[in-house]
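Undergrad: My questions all concern the structure below.
The values are calculated or read from the model by the stated rules, or taken from the named source; none is laboratory data. Quantities reported herein were computed from a predicted structural model and do not represent experimental measurements. All Cβ positions, even for glycine, are placed from backbone atoms using ideal geometry, and neighbour counts span all protein chains on display. Remember, those area values only see protein heavy atoms, side chains included, never the ligands or the DNA or RNA. Shrake-Rupley method; radii C 1.70, N 1.55, O 1.52, S 1.80 Å.
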Amino acid sequence: MAADPGGGADPLVMGVRDRWDAHGLQGEPWPFMAICSVARLHQLLKKALDDELKRLDLTRTGYFLLTALALTTRGSARLSTLGRFLMMHPTTVKLTVDQLEAAGLVGRTRHPRDRRATLVEITPDGRQRVNEVGAALEAPGSAFAPFGGMHRELFEALQPARLAAGDVEPVQRAD
């Protein structure tokens, strides 16, 4: 039975791997354990992120949208581009932009070449909020502290599986 650094037992090893054969289950336990492991890690990361974001008066969706804007060349993108990049429904993007705009973290402008399109642009306050979240997620006392020093390793361990599953974006010109 594998123990965690905190002194407890890993529930997936204790509850699944060690019992798989004994309960007469066919095949290997690894596909089920991989799915459960990613799902459990997702829940733990979400909770830690939500705890930090709540302190900074942001939702997870708002944080993802602000960070996506901060990463664009001009600090702006079409609503449709944000939805595609963040894998969000257009209504969710619009409602999130409404909330961020009301908080002064983004603004909207007309696209200079497409009158039908709206650009969302991060404000200086929005960029500052992204930086505050980044600092909070790396702070030793934060809800993310248990993951400290593992962020890059987690990404690098999960990336091959994501890409193998087809999580690739066609290369397109940025807005």
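Undergrad: Of the residues that sit in region 76-115 and are in a helix (DSSP H, G or I) and among the basic types (Lys, Arg), which one is farthest from LEU53 (Cα to Cα)? If you could, list the steps in order and put the result at the bottom.
TA: Filtering region 76-115 down to residues in a helix (DSSP H, G or I) leaves 79-86, 90-102.
The next check asks that each one be among the basic types (Lys, Arg); those that pass are 84, 94.
Values: ARG84: 23, LYS94: 20 Å.
Filtering first and then ranking leaves ARG84.
Undergrad: Only one of these is over 18 Å from ALA143 (Cβ atoms), among the hydroxyl-bearing types (Ser, Thr, Tyr) and touching a helix residue (DSSP H, G or I) at 6+ places or on another chain (Cβ under 6 Å): THR91, THR67, THR96. Name it.
TA: On the way: THR91 fails: touching a helix residue (DSSP H, G or I) at 6+ places or on another chain (Cβ under 6 Å); THR67 fails: over 18 Å from ALA143 (Cβ atoms).
Result of the check over THR91, THR67, THR96: THR96.
Undergrad: Let me ask something additional. Is it the case, given these coordinates, that PRO124 is open to solvent by 30 Å² or more (accessible area, probe 1.4 Å) and closer than 18 Å to ARG74 by Cβ?
TA: For PRO124, the condition - open to solvent by 30 Å² or more (accessible area, probe 1.4 Å) and closer than 18 Å to ARG74 by Cβ - is met.
Undergrad: Now a separate question. If you go through region 21-36 one residue at a time, how many are part of a helix (DSSP H, G or I) and surrounded by fewer than 10 Cβ atoms within 10 Å (Cβ to Cβ)?
TA: Counting residues in region 21-36 that are part of a helix (DSSP H, G or I) and surrounded by fewer than 10 Cβ atoms within 10 Å (Cβ to Cβ) gives 3.
Undergrad: Among the candidates THR67, THR73, which residue alone is open to solvent by 20 Å² or more (accessible area, probe 1.4 Å), part of a loop (DSSP other than H, G, I, E, B) and of a type in the set (Val, Ile, Thr)?
TA: Working: THR67 fails: part of a loop (DSSP other than H, G, I, E, B).
One residue alone meets the criteria, THR73.
Undergrad: While we're looking at this one, here's another question. With the condition kept exactly as written, say whether any residue in region 38-61 is under 17 Å from GLU121 (Cα atoms), in a helix (DSSP H, G or I) and open to solvent by less than 50 Å² (accessible area, probe 1.4 Å).
TA: There is at least one residue in region 38-61 that is under 17 Å from GLU121 (Cα atoms), in a helix (DSSP H, G or I) and open to solvent by less than 50 Å² (accessible area, probe 1.4 Å).
Undergrad: Taking PRO160 and the conditions (1) of a type outside the set (Phe, Trp, Tyr); (2) open to solvent by 70 Å² or more (accessible area, probe 1.4 Å); (3) farther than 18 Å from GLN43 by Cα; (4) at pLDDT below 90, which numbered condition does it fall short on, given that it satisfies the others?
TA: The one condition PRO160 does not meet is (4).
Undergrad: Condition check: among the hydroxyl-bearing types (Ser, Thr, Tyr), crowded, with 18+ Cβ neighbours inside 10 Å, under 27 Å from HIS151 (Cβ atoms) and modelled with pLDDT under 90. Does THR81 satisfy that?
TA: When the stated conditions are applied, THR81 passes them.
Undergrad: Can ALA145 be described as surrounded by 12 or more Cβ atoms within 10 Å (Cβ to Cβ) and free of Cβ contacts under 8 Å to residues at least 12 places away in the same chain?
TA: For ALA145, the condition - surrounded by 12 or more Cβ atoms within 10 Å (Cβ to Cβ) and free of Cβ contacts under 8 Å to residues at least 12 places away in the same chain - is met.
Undergrad: Only residues in region 116-137 that are assigned to a helix (DSSP H, G or I) count as the first member; pair them with residues that are open to solvent by 30 Å² or more (accessible area, probe 1.4 Å) and among the acidic types (Asp, Glu), Cβ under 9 angstrom, at least 6 apart or cross-chain, and list the lot.
TA: These pairs meet every condition: ARG129/ASP57.
Undergrad: Right, next: Taking region 85-120 as the region of interest, how many residues are small (Gly, Ala, Ser) and open to solvent by 90 Å² or more (accessible area, probe 1.4 Å)? Spell out how you get there, then give the answer.
TA: Here is the first cut: in region 85-120, the residues small (Gly, Ala, Ser) are 102-104, 107, 117.
When the remaining residues are screened for being open to solvent by 90 Å² or more (accessible area, probe 1.4 Å), the result is 102.
Looking only at that region, the number is 1.
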